[in-house]
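The values are calculated or read from the model by the stated rules, or taken from the named source; none is laboratory data. None of these values were measured; they are calculated from a predicted model. We place every Cβ from the backbone using ideal geometry, glycine too, and count neighbours over all the protein chains shown. Only protein heavy atoms, including side chains, enter the accessible area calculation; ligands, DNA and RNA are left aside. Shrake-Rupley method; radii C 1.70, N 1.55, O 1.52, S 1.80 Å.
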Amino acid sequence: MIKNMKSFVSGMCETNSYILSDEDNNCVIFDPEGSSAQYINYIKANNLKPLAIMLTHAHFDHVGAMEALKKEYGIEVIAGEDEKPVLENPSINLTTMIGTAKSYSADRYVKDGEEVEFGKMKFKVIFTPGHTCGSVCYICGDTMISGDTLFMGSCGRTDFPTGDWKQMTESLKLLKNLDGDYKVYSGHGPSTTLEIERKTNMYMR
Ligand SMILES: [Zn+2]
């Protein structure tokens, strides 16, 4: 169960990053962009214990603070198994585009449907390729971290390397057909709910 959810907006793409924590103060950091200090300060102020960094995908604007946080806390980085080439290849993770070509790696690559447990939070991995070849969404209880797959009223672009429009439409269909409703926290823009998107998002119809 998630007790607290904190969102951060940072970087040139106004990326949403999140820290989710449970009742025992364990926390997981999602898609950390921008300065690592904002996360470290929040973690310190709330006496949290970081257990992992989880990535929805590895574009430069979702991993800006990843290495600093990994170093600070010695925690593992988790990504979808098909995201490996995006992490590793600077022209796919787009760090080439911003002039700081970087190759990254994850410590653990997770599969579609896999469940990852941290403290009292259990995250289910949903493979949702389209924005990148290995993009995933994570579900914990009624909370969905949707990365750049699903946005309020929109979806992620598919014109970057390994992006694929057909895969994106299939991924959105898969999310649409999930049972029940979820609070949806996207990689960019405001949060929404799956039910609102089912009804109003033209890319989900
Ligand atoms: Zn992206």
Task: Positive-end residue, the range 79-135 charge dipole about Cα centroid, Cβ charges, pick of Pro85, Tyr104, Cys133 - done: Tyr104
Task: Under the Karplus curve 6.51 cos²θ - 1.76 cosθ + 1.60, θ = phi - 60°, whole-Hz ³J(HN,Hα) for the range 118-125, x wherever Gly or Pro sits - done: 10, x, 9, 10, 10, 9, 9, 8
Task: Helix-only [θ]222 nm of the chain, DSSP H runs n ≥ 4, -39500 (n - 2.57) each, per residue, nearest 500 - done: -5500 deg cm²/dmol
- [ ] For the range 61-77 and the range 91-110, write down the distance between their C-alpha centroids in whole Å.
- [x] 13 Å
- [ ] Please say if the chain is rounded, prolate or oblate, where rounded means a/c under 1.5 for a ≥ b ≥ c the square roots of the C-alpha gyration tensor eigenvalues, and otherwise the choice is prolate for a/b larger than b/c and oblate otherwise?
- [x] oblate
Task: Total charge dipole magnitude, the range 101-156, about the Cα centre, Cβ charges on Lys, Arg, Asp, Glu only, Debye to nearest 20 - done: 100 debye
Task: Protection proxy ranking, peptides 96-102, 39-45, 50-56, average beta carbon neighbours within 10 Å, highest first - done: 50-56, 39-45, 96-102
TODO: Report the full-extension gain for the segment Lys183 to Lys120: residue separation times 0.36 nm, less the Cα-Cα distance, to one decimal in nm.
DONE: 20.8 nm
Task: Size descriptor, Kirkwood hydrodynamic radius, that averages inverse alpha-carbon separations across the range 111-205, Å - done: 13.2 Å
TODO: State the three equivalent ellipsoid semi-axes of the range 57-163, derived from the C-alpha gyration tensor as the square roots of 5 times its eigenvalues, in descending order and whole Å.
DONE: 22, 18, 12
- [ ] Go through Lys3/Lys124; Lys3/Lys122; Lys70/Lys166 and tell me which ones have a Cα-Cα distance over 23 Å in this structure.
- [x] Lys70/Lys166
Task: Environment charge at Gly34 (Cβ cut-off 14 Å; Lys +1, Arg +1, Asp -1, Glu -1) - done: -4
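Can you tell me how much longer the chain between Met12 and Thr193 gets when fully stretched, taken as 0.36 nm per residue apart minus their C-alpha distance, in nm with one decimal?
Additional length available on full extension: 62.6 nm.
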Task: FRET E, pair Asp159, Glu76, Förster distance 41 Å, beta-carbon r, rounded to 0.05 - done: 0.85
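Scale the Cα Rg of the range 1-58 by the rule-of-thumb value 2.2 N^0.38 Å and send over the ratio, two decimals.
Normalised Cα radius of gyration, the range 1-58: 1.06.
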Open item on the list: For the full complex of protein chains and a 1.4 angstrom probe, list Arg198, Arg205, Arg108, Arg157 by accessible area with the highest value first.
Closed with: Arg205, Arg157, Arg108, Arg198
Task: Alpha-carbon centroids, the range 22-46 and the range 128-154: separation in whole Å - done: 20 Å
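Take the solvent-accessible surface of the protein heavy atoms, probe 1.4 Å, and return the percent of it on the range 55-100 that carbon and sulfur atoms account for.
50 percent
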Task: Protection-proxy order for peptides 169-175, 29-35, each taking the mean of Cβ atoms within 10 Å per residue, highest first - done: 29-35, 169-175
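Expressed in nm to one decimal, what extension gain is obtained for the pair Glu67 and Asn41 from 0.36 nm per residue of sequence separation less their Cα-Cα distance?
7.7 nm
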- [ ] List every residue whose amide H lies under 5 Å from the amide H of Ala52, counting only residues 5 or more places away in sequence or on a different chain, with H placed 1.01 Å from N in the peptide plane.
- [x] Ile29
Open item on the list: Less than 12 Å Cβ to Cβ from Ser17, Lys/Arg counted +1 and Asp/Glu -1: what total charge do the surrounding residues give?
Closed with: -3
